[in-house]
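Step one of this worksheet: look at the structure below.
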Amino acid sequence: MKPALIELRGIRRRYGGQGPGEAATEVLRGIDLDIRDGEFVAIVGASGSGKSTLMHILGCLDPATAGSYRFEGRDVATLDADGLARLRREAFGFVFQGYHLIPTESASENVQIPARYAGRPASWRSARARALLARLGLADRLSHRPRQLSGGQQQRVCIARALMNGGRVILADEPTGALDSASGAEVMALLQELAAAGHTIVLITHDPGVAACARRVVHMRDGRIVGDTGGGGPAPGHLPEPAQAAPGVAAPEPAAPMQVASAWTELIESLRSAGRVMRLNRLRTALTLLGVIIGVASVIVMLAVVRGSQQAVLAQMDTFGTRTVFVFPRWISERQRPRPLRLADAEAIRRLPHVEQASPYAEQTMLVRRGSADFSSRIGGTTQGFTRALNWPAASGALLPNEDEHDLSKVAVIGETVRRHLFGDGVQAVGADILIDKVPFRVIGVLAPKGQTGGQDMDDRIIVPLGAARARLFGSFDLERIDVVIRDMAHAAETEAAIVRTLAALRGGHDFETRNQAQEIRARAQADSTLTLMLGLIAAISLLVGGIGVMNVMLMTVRERVREIGICMAVGARQGDILRQFLVEAVLLTGLGGTAGVASGLAIGALLMLAGVPVSFSAVAVTAALGCAVATGLVFGFMPARQAARLAPVAALSGP
């Protein structure tokens with residue numbers, strides 16, 4: 001006698017009785033059973049006798065409430081969830097009455113599922129599934145889905161799946177219950193051949209005629225074994241002859257030992273399965289993606305607009321110099337003109353600590369002429385320090401020659417707008433003479449273009465020495481402002497305070513005002529930071545809403561695919577496999593949504609740029625938005641994925 005492969009001692013299974021006042025239902029009431037390697041055993045009994053529950057315990061789909069179950073001498077109760085999954089994967093093959101095929105997978109893909117969880121490479125799986133189906137007469141049905149197969153063909157696919165990893169023990173639960181007599185005869189003939197080839201067959205049936213095909217028959221009634229007969233072969237006449245026997249049906253050779261799949265292989269398989277689910281639920285997927293797309297696109301566009309606004313403001317401020325403090329006369333009222341600034345004020349400021357230079361500046365609008373071309377432009381009288389204060393180099397020629405406030409030289413540096421109006425293109429401006437209010441000046445340089453700032457054309461100006469402007473053009477000693485360049489920006493605030501104290505004492509009051517570019521930049525940066533935070537929170541809420549949508553969809557997916565989860569667990573999927581599968585689906589969903597959101601955000605930003613809105617994209621912001629989308633999938637997909645992974649196999653198989 002062969003040693004017992006399966007040993008059951010005192011197996012009991014009860015349901016319920018957990019809550020107060022809840023009655024427990026005992027389905028199995030002390031089962032003692034030994035099954036040896038290579039036996040063909042039929043467990044027969046009426047409906048409700050407990051035979052299907054016994055099969056679930058034999059296949060490690062459901063734990064016993066009490067008693068001992070040993071497989072090859074090892075107590076199954078000592079195995080954790082992954083250990084039970086490994087045992088199902090390597091030792092058992094299931095043939096169910098309801099087939100339990102995944103409807104969205106082809107016949108070949110359904111057969112390959114156990115080998116996929118065993119870590120087999122795709123080429124090996126495909127070849128073995130093709131060989132198994134061919135031996136079972138389904139060589140021309142490899143790509144057919146279950147709904148395209150008859151009941152008998154679906155049951156043969158189940159048998160092929162049971163044999164995929166070797167099928168040492170075949171557990172067949174009412175395999176002919178949903179078949180006509182001819183198809184049932186074919187299935188039983190296959191099981192007999194597998195038994196003859198050395199497979200251990202445990203057949204669950206209520207039909208004594210089907211049970212008679214087994215070498216040993218175990219009778220059950222009310223959760224107990226009431227009879228155990230063996231030694232008999234198939235009784236002729238109990239089943240009709242198969243209408244069409246599958247050609248060359250013989251038990252395939254056992255599969256090679258299991259191996260561990262690489263992380264890359266597992267990821268590829270999970271992505272393939274996730275893509276299939278998304279394709280089958282296109283509308284739901286699209287609506288879920290929409291929430292993620294809106295969230296990511298809003299993050300990118302909002303941050304790009306804020307960043308573009310910051311850069312535009314900084315560029316505008318840089319036009320006037322970032323180390324410059326401007327001193328202006330203060331307007332007391334609309335009717336009372338301010339008291340003008342004087343050269344003495346500039347000289348007093350120049351003597352203060354941390355002041356690099358103080359350039360006086362006076363300006364009036366005058367008519368400028370060259371030949372027959374004339375143009376009304378702003379004429380600025382200043383010193384050489386003007387260009388340093390405003391960070392304004394020359395595009396060609398030279399700048400004002402010196403810092404002498406009384407320089408009467410009739411030389412001029414013109415802006416790009418003036419050059420274009422007076423000289424046009426292709427004409428050399430440097431060295432030419434122009435008339436400013438009928439006074440001739442020699443052009444010695446052209447300022448680099450600055451463009452529009454605050455709606456004002458910065459290039460529409462002519463700079464001449466302050467002395468020449470006051471004596472030959474303006475006839476006035478009044479200054480419009482004083483440009484103060486601070487040597488060390490760390491002392492900007494105290495230097496500005498010193499300027500205020502000095503001028504107040506010199507002028508006898510605060511009839512002037514200052515504008516500190518550095519402080520304005522800092523204030524604007526703080527305001528932009530607040531705006532960025534607010535917009536970021538709005539965008540984060542959008543992503544949160546998208547994440548909740550993902551979680552809702554994943555919870556619906558788990559409910560809809562409970563039976564599929566049970567099938568995967570029955571053929572050997574570990575909890576980690578199920579968890580990874582649903583996490584990958586959630587991350588793929590949000591990853592695709594994030595990618596589409598990035599593309600949408602960039603497109604919207606491009607349209608805003610065409611509309612004249614300052615926009616500046618940041619690679620960090622784009623990457624962060626996409627990363628947040630993927631993280632959303634991980635965070636909001638984890639709970640549904642864990643819920644799926646923690647389902648009991650037998651409960652999942654009986655699910656909707």
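The values are calculated or read from the model by the stated rules, or taken from the named source; none is laboratory data. Nothing here was measured: the structure is a model prediction, and the numbers come from that model. Cβ atoms come from the backbone with ideal geometry, glycine included; neighbour counts cover every protein chain shown.
Confirm whether G572 is crowded, with 20+ Cβ neighbours inside 10 Å and part of a loop (DSSP other than H, G, I, E, B).
Against the criterion (crowded, with 20+ Cβ neighbours inside 10 Å and part of a loop (DSSP other than H, G, I, E, B)), G572 qualifies.
Among the listed residues L203, L171, L136, which satisfies the condition of being in contact (Cβ under 8 Å) with a residue 60 or more places away in the chain, of a type in the set (A, V, I, L, M, F, W, C) and farther than 27 Å from G230 by Cα?
Every option except L136 fails the conditions.
Only one residue in A107, A66 is aliphatic (A, V, I, L, M), at pLDDT 90 or above and more than 35 Å from the chain's Cα centre (by Cα). Which one?
Only one candidate passes the filter, namely A66.
For segment 349-380, give me the residue count where each residue is in contact with a Phe, Trp or Tyr (Cβ under 7 Å, 6 or more places away or on another chain) and over 20 Å from F423 (Cβ atoms).
The number of residues fulfilling the criteria is 4.
Limited to segment 463-478, what total is found for residues that are among the charged types (D, E, K, R) and surrounded by fewer than 20 Cβ atoms within 10 Å (Cβ to Cβ)?
Residues in segment 463-478 being among the charged types (D, E, K, R) and surrounded by fewer than 20 Cβ atoms within 10 Å (Cβ to Cβ): 2 in total.
Every residue in segment 446-462 that is within 15 Å of A398 (Cβ to Cβ) and either of a type in the set (S, T, N, Q) or buried (at least 21 other Cβ atoms within 10 Å of the Cβ) (or both), please.
Answer for segment 446-462, where residues must be within 15 Å of A398 (Cβ to Cβ) and either of a type in the set (S, T, N, Q) or buried (at least 21 other Cβ atoms within 10 Å of the Cβ) (or both): V446, L447, I462.
What pairs come up if the first residue lies in segment 554-572 and is closer than 16 Å to V95 by Cβ, the second is of a type in the set (F, W, Y) and in a helix (DSSP H, G or I), and their beta carbons are under 7 Å apart, counting only those six or more places apart or on different chains?
Matching pairs, first to second residue: V571/Y117; G572/Y117.
Does segment 335-373 hold any residues that are farther than 16 Å from R481 by Cα, charged (D, E, K, R) and touching a residue at least 24 places away in the same chain (Cβ under 8 Å), and which are they?
E356, R369, R370
Just a yes or no: is a residue in segment 420-433 touching a residue at least 60 places away in the same chain (Cβ under 8 Å) and either not in a loop (DSSP other than H, G, I, E, B) or not aliphatic (A, V, I, L, M) (or both)?
Yes.
Before we move on, is T632 β-branched (V, I, T), in a helix (DSSP H, G or I) and modelled with pLDDT of 85 or more?
Considered against the rule, which asks whether it is β-branched (V, I, T), in a helix (DSSP H, G or I) and modelled with pLDDT of 85 or more, T632 comes out as no.
What are the residues in segment 437-447 that are in a strand (DSSP E or B) and out of contact with any helix residue (DSSP H, G or I) (no Cβ under 6 Å at 6 or more places or on another chain), if any?
The answer is P440, F441, R442, V443, I444, G445, L447.
Say whether the condition of being among the acidic types (D, E), surrounded by fewer than 18 Cβ atoms within 10 Å (Cβ to Cβ), modelled with pLDDT of 90 or more and closer than 30 Å to L8 by Cβ is met by at least one residue in segment 78-101.
Yes: segment 78-101 contains one or more residues that are among the acidic types (D, E), surrounded by fewer than 18 Cβ atoms within 10 Å (Cβ to Cβ), modelled with pLDDT of 90 or more and closer than 30 Å to L8 by Cβ.
Test D433 against the stated conditions and say whether it is out of contact with any Phe, Trp or Tyr (no Cβ under 6 Å at 6 or more places or on another chain), farther than 30 Å from D488 by Cβ and exposed (fewer than 15 other Cβ atoms within 10 Å of the Cβ).
So D433 passes the test.
Within segment 138-187, work out how many residues are part of a loop (DSSP other than H, G, I, E, B) and in contact with a Pro (Cβ under 6 Å, 6 or more places away or on another chain).
3
How many of the residues making up segment 481-519 are assigned to a loop (DSSP other than H, G, I, E, B) and touching a residue at least 60 places away in the same chain (Cβ under 8 Å)?
4
Has segment 419-428 got any residue that is at positive phi and modelled with pLDDT of 85 or more?
Within segment 419-428, one or more residues are at positive phi and modelled with pLDDT of 85 or more.
From the set of residues in segment 589-618 that are over 15 Å from L543 (Cβ atoms) and among the hydroxyl-bearing types (S, T, Y), which is modelled with the lowest pLDDT?
S618
Could you grab me the full set of residues in segment 631-656 that are among the β-branched types (V, I, T) and crowded, with 22+ Cβ neighbours inside 10 Å?
T632
Residues in segment 589-611 that are crowded, with 21+ Cβ neighbours inside 10 Å and under 28 Å from A644 (Cα atoms): how many?
Looking only at that region, the number is 4.
State whether the residues of segment 338-356 include one that is within 55 Å of the chain's Cα centre (by Cα), among the hydrophobic types (A, V, I, L, M, F, W, C), assigned to a strand (DSSP E or B) and modelled with pLDDT of 90 or more.
yes
So which pairs qualify, if the first residue must be in segment 66-78 and without any contact (Cβ under 8 Å) to a residue 40 or more places away in the chain and farther than 19 Å from D37 by Cβ, the second must be outside any helix (DSSP H, G or I) and of a type outside the set (D, E, K, R), the Cβ gap must be under 8 Å, and the two must be at least 6 apart or on different chains?
Note: pairs meeting the criteria are A77/P63; A77/A64; A77/S68; A77/Y69.
Being among the β-branched types (V, I, T) and in contact (Cβ under 8 Å) with a residue 60 or more places away in the chain is the requirement here; does V630 meet it?
Considered against the rule, which asks whether it is among the β-branched types (V, I, T) and in contact (Cβ under 8 Å) with a residue 60 or more places away in the chain, V630 comes out as no.
Would you check if A131 is surrounded by fewer than 20 Cβ atoms within 10 Å (Cβ to Cβ), in contact (Cβ under 8 Å) with a residue 24 or more places away in the chain and either assigned to a helix (DSSP H, G or I) or not polar (S, T, N, Q) (or both)?
Taking the combined requirement at face value, the residue satisfies it.
For every residue, the table says whether it meets (1) touching a helix residue (DSSP H, G or I) at 6+ places or on another chain (Cβ under 6 Å); (2) part of a loop (DSSP other than H, G, I, E, B); (3) under 17 Å from E513 (Cβ atoms); (4) modelled with pLDDT under 95.
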{"position": "G321", "(1), (2), (3), (4)": "yes, yes, no, yes"}
{"position": "R335", "(1), (2), (3), (4)": "no, yes, no, yes"}
{"position": "A358", "(1), (2), (3), (4)": "yes, no, yes, yes"}
{"position": "Y361", "(1), (2), (3), (4)": "no, no, yes, yes"}
{"position": "T387", "(1), (2), (3), (4)": "no, no, no, yes"}
{"position": "N402", "(1), (2), (3), (4)": "no, yes, no, yes"}
{"position": "D407", "(1), (2), (3), (4)": "yes, yes, no, yes"}
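Can you tell me which of E186, E174 is among the charged types (D, E, K, R), buried (at least 20 other Cβ atoms within 10 Å of the Cβ) and over 25 Å from R89 (Cβ atoms)?
Just one listed residue meets the conditions, E186.
I need the full set of residues from segment 389-400 which are over 27 Å from M489 (Cα atoms) and part of a strand (DSSP E or B), in order please.
Those that are over 27 Å from M489 (Cα atoms) and part of a strand (DSSP E or B): A395, S396, G397.
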